[in-house]
1. Does Ser477 count as modelled with pLDDT of 90 or more, on the phi < 0 side of the Ramachandran plot, out of contact with any Lys or Arg (no Cβ under 9 Å at 6 or more places or on another chain) and within 9 Å of the ligand (Cβ to nearest atom)?
2. Return yes or no: is Glu219 modelled with pLDDT under 85 and in a helix (DSSP H, G or I)?
3. From (1) surrounded by fewer than 15 Cβ atoms within 10 Å (Cβ to Cβ); (2) farther than 29 Å from Leu315 by Cβ; (3) out of contact with any Asp or Glu (no Cβ under 8 Å at 6 or more places or on another chain), pick out the condition that doesn't hold for Thr276.
4. Assess whether Ala254 counts as being in the same structural domain as Ala136 (by TED's automatic domain parsing) and at pLDDT 85 or above.
5. Sort out which residues of region 304-353 are within 22 Å of Thr486 (Cα to Cα), part of a helix (DSSP H, G or I) and touching an Asp or Glu at 6+ places or on another chain (Cβ under 6 Å), and write them in order of number.
Amino acid sequence: MAGTRFRIATAIAGIVAGALVAFSAALYFSRRISAYQELGVHVISTADRVLGVMRDAQGGGEQLTRIVPTDTSGVAQIRANEVLGRVLDRVPAYFLVLDSQDKLLYSSSLVRLLPPEDQEELQRVAFELRVGQEGAIVPIRYDTLARDRLLLVARRDPGLGPNISRVVAALPASTADLAAQMILGTLLVLAPIVLLASIGVAYLLASQAFSPVDQLINEVEAISDGRSLHRRLPVDASDDELGRVSATLNEMIARLEGSFAALRRFTADASHELKTPLTVLRADVERAMHPGTAQGDRLVALEEALQEVARMSNLVDSLLTLARADEGRFDLHREPVQLEPLIRDVFETAVILGEEAGVSVTLPLVEDGMVLGDRTRLRQLYLNIVTNALKYTSRGGKVEITLSHRNNGEIAVAVRDTGVGISAADLPHIFDRFWRADRARSRRAPEGGGERGGFGLGLSISQWIVTAHGGTLSVQSRLGRGSIFTVLLPLVEPDQAEPLSIS
Ligand code: ADP
């Protein structure tokens, strides 16, 4: 959880850092642009001041320039009069005065203080710079250490006559750069503080947000040790997400508790069921082995032992069937099964068993139908229900089997008996494993037969077989009046009946 908190804090810090960089860059560039705009205004006013000085001198009757003919080219040249230097030397600024032939008439005293290379570069740029053009930048050196850049702007005054084409004034850009750099400096000092503060706040917020999760984890850990499955997590209705997580976990814990309890019950029941035949078996074997036991008694003891072994083997078979069914590992070999012959076969067995038990078995209604199923399992299912009906019906009673179509494409096998019935309180439990309405009653050997009562697993297995075939098993019963067990299975048309194997 600490890792998640740290990840959230660093993610937020990353976002804040990104936003800070973007914000600083925007601020720096906008400040720089406006500083350069202000500087441009100042350069223009400097140039205008120089133009004003020249205009004043001209107004005072001074001739600032003169035309001189040259010998070589024959073209007349413009020259600055000495008065131009005299009036302009008093202006403390960087500027150049150019004539109408784009030649230098005058460079200010500050320009003349610059190193010669810088003066040359300044002139080169100034010659190209026209009035109305955007300012140009020229790097300069005051000395070996101090460097700067000049912003150049050209201005003209037509009133000065045709000889003077323009004044190119300049101002150091360092002032404009400084304004932007100061902002950058301030941001650089503030950024780490803001960043650290945001990481701290993000970590605190994440810790706060995760503290209920931490609590939940601790509680789940305490419950999941296996001995505390009866406990439940507190459900905070005000917290949507965590409330749902707690509710879902509670449902899961409840299911786990149910499964554990069922498992414990199942193991206890299975051990209990095996213990009795094992005790009987041991007694029988000891009796058979005793030197004083007569030969006839020895055989009786061995026969009883054999019965117990058969009984245990049945129990283990049933347990194995249910365990495989639970795991979903049981193969059902599905094939089209004609129900009429199957039910008639079950009926014949039931008649024989019924004769032994003194119960009459009838088959008043048989409508044939085909289902897709595992023939052996279906036989086991119907026999389970029919033998139960015989087992829980006393001598003189009746068992009636019917096979009939139902409206919704299903076929029903109903087994009705006039036996002991099941109380309403017991009905919800009869499909539970090892459940018997009355253990003592079930355990007694049925009258007329040597077989013992069941283990309470028959209906669980029947239920599984019916469900695996996509059907339903229902029961209606009244205590002392008898019961009706109905198995509904989906019918298939003969042409749909493709055999297939399903796990
Ligand atoms: P058993 O092997 O004990 O019959 P089952 O799972 O088949 O186990 O049945 C569970 C319990 O349901 C039985 O012990 C019995 O109490 C009750 N039961 C099942 N079938 C009938 C029936 N036809 N009439 C009355 N009780 C029945």
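The values are calculated or read from the model by the stated rules, or taken from the named source; none is laboratory data. Since this is a predicted model, take the numbers as computed values, not measurements. So basically every Cβ, Gly included, is an ideal-geometry build from the backbone, and we count neighbours across all protein chains shown.
1. Yes; evaluated as a whole, the condition is true for this residue.
2. No; evaluated as a whole, the condition is false for this residue.
3. (2)
4. Judged against the criteria, Ala254 is not a match.
5. Glu340
Matching residues to (1) in contact with a helix residue (DSSP H, G or I) (Cβ under 7 Å, 6 or more places away or on another chain); (2) buried (at least 22 other Cβ atoms within 10 Å of the Cβ); (3) assigned by TED's automatic domain parsing to the domain that holds Ile484:
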site: Val359; (1), (2), (3): yes, yes, yes
site: Asp368; (1), (2), (3): yes, no, yes
site: Asp374; (1), (2), (3): no, no, yes
site: Val386; (1), (2), (3): yes, yes, yes
site: Thr393; (1), (2), (3): no, yes, yes
site: Gly397; (1), (2), (3): no, no, yes
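Condition check ((1) in contact (Cβ under 8 Å) with a residue 60 or more places away in the chain; (2) on the phi < 0 side of the Ramachandran plot) across all residues:
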{"residue": "Asn384", "(1), (2)": "yes, yes"}
{"residue": "Gly396", "(1), (2)": "no, no"}
{"residue": "Asp417", "(1), (2)": "yes, yes"}
{"residue": "Ala424", "(1), (2)": "no, yes"}
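Every residue, every condition in (1) more than 18 Å from Leu479 (Cβ to Cβ); (2) away from the ligand (no atom under 16 Å from the Cβ), yes or no:
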position: Leu365; (1), (2): yes, yes
position: Asp374; (1), (2): yes, yes
position: Leu390; (1), (2): yes, no
position: Ser394; (1), (2): no, no
position: Asn408; (1), (2): yes, yes
position: Arg416; (1), (2): no, no
position: Gly419; (1), (2): no, no
